[in-house]
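Undergrad: Have a look at this one.
FYI, it's all coordinate maths here, none of it is from the lab. No experiment lies behind these values; they were computed from the predicted model shown. Neighbour counts are summed over all protein chains in view; Cβ atoms, including those assigned to glycine, are modelled from backbone coordinates with ideal geometry.
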Amino acid sequence: MTLQRRTFIIHSTVACGSLVAAQTALAQTTPAADLVKDTDAAALAVGYVTDATRANKVKYPTYAAGQRCGACVLYEASASEKSGPCPLFPNKQVAAGGWCSSWAKKV
């Protein structure tokens, strides 16, 4: 009887190790999230543009020169990265040089 228990424990350990290795390999090969496009419904709702220099005061009255996603409190990547996640756009990334009406200065 102890032989069966020992075999079960060995097989269970190997199976768990295989699952962890497979999950790690899958996580490393998962592609990066897509960038938000200016034409996406969520982007249109908040006035998102991929290039902040295109956010003029006529169309976007809350825009001020120098505002960009990389300097926003909602931007979840370092300012030096070209793109990063934003909670306004789940499973997508925004351009660091972009802008939207929800912009708030990072302190």
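Undergrad: Would you check which residues across segment 59-80 are among the hydroxyl-bearing types (Ser, Thr, Tyr) and under 16 Å from the mean Cα position of the chain (by Cα) and list them?
TA: Matches in segment 59-80: 75, 78, 80.
Undergrad: Report the residue count in segment 81-103 for those that are of a type in the set (D, E, K, R) and under 8 Å from the mean Cα position of the chain (by Cα).
TA: 1
Undergrad: Now, a different point. Can you tell me which residue in segment 52-100 is surrounded by the most Cβ atoms within 10 Å (Cβ to Cβ), limited to those that are outside any helix (DSSP H, G or I) and of a type in the set (Val, Ile, Thr)?
TA: Per the criteria, the residue is 94.
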